[in-house]
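Before any comments, here is the structure.
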Amino acid sequence: MGVQPVMEAQSIANLPTAHVVLYQPEIAQNTGNIGRTCVATGAKLWIVRPAAFRLDDKRLRRAGLDYWQHLMLQDAINWEDLTNQLGQRRFFFFSRFAKTTIWDAKFEKGDVFVFGSESSGLPDAILDRDDPRSLRIPTTDKVRSLNLATTVGVVLYEHQRQMQLLPATQHESP
């Protein structure tokens, strides 16, 4: 007896499963890759400005392939604008310096996952390393950190696993 899908993929299309926030991203290709992962998981992508590239950048679109047209994308002029737009949702912050690991978090549908820029992460004004909502992905001591797009992918699929949001069945390509 196989695993039965919990929800049909179409049923999650109208509401974001999660919100991915990139705070002042620097590398267009990472953001494009993250956008593609957001489409795959039903998440909405938020860009907090300034970004080091334009949203119509060729590198961004190339990394997102032909999935970019399906992306739920919104930008915010700054952190305050973002928090005003997202309201009272649950926020989680990701940093290699956080005390709590992702394995200790209990995610819910609609959670907000906040990631810092590739070179400097989240500023201290946003990140409290001791807050249990500040999370890290465990790694060996051989690496300082994971690539931003990889980190977002790990987080979104752990969220999907906990929520059982995506069907386990294979889909035909559109």
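Derivation of every value follows stated rules applied to the coordinates shown; laboratory data play no part. None of these values were measured; they are calculated from a predicted model. No Cβ is skipped: glycine too gets one built from the backbone with ideal geometry, and neighbour counts run over all protein chains shown.
Key figures
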item	result
Under 22 Å from the Cα of K109 - lysines, other chains or at least 8 residues apart	K44
Backbone N within the range 38-64 under 18 Å of label point (7 Å from D81 Cα along the Cβ vector)	45-57
Reachable aspartates and glutamates, given that their alpha-carbon falls under 13 Å from the alpha-carbon of K99 and they are not under 8 places away in the same chain	D128, D130, D131
Calculated diffusion of the range 90-166, Stokes-Einstein form, Kirkwood radius summed over Cα pairs, 37 °C and 0.692 mPa s, µm²/s	257
Q88/D141 FRET efficiency (R0 41 Å; Cβ-Cβ; nearest 0.05)	0.60
Additional length obtainable on full extension of the chain from Q164 to R96, 0.36 nm per residue less Cα span	21.8 nm
Ellipsoid equivalent to the chain - semi-axes via the Cα gyration tensor, in Å	24, 20, 16
Pairwise FRET efficiency - L73 versus K106, Cβ, R0 = 30 Å, nearest 0.05	0.65
Cα centre as origin, Lys/Arg/Asp/Glu Cβ charges: the chain dipole, Debye	280
Most mobile listed residue (N147, N33, N84) in the chain, GNM with C-alpha springs under 10 Å	N84
Residue with peak Gaussian network fluctuation, the chain [Cα springs, cutoff 10 Å], from L22, L86, L55	L86
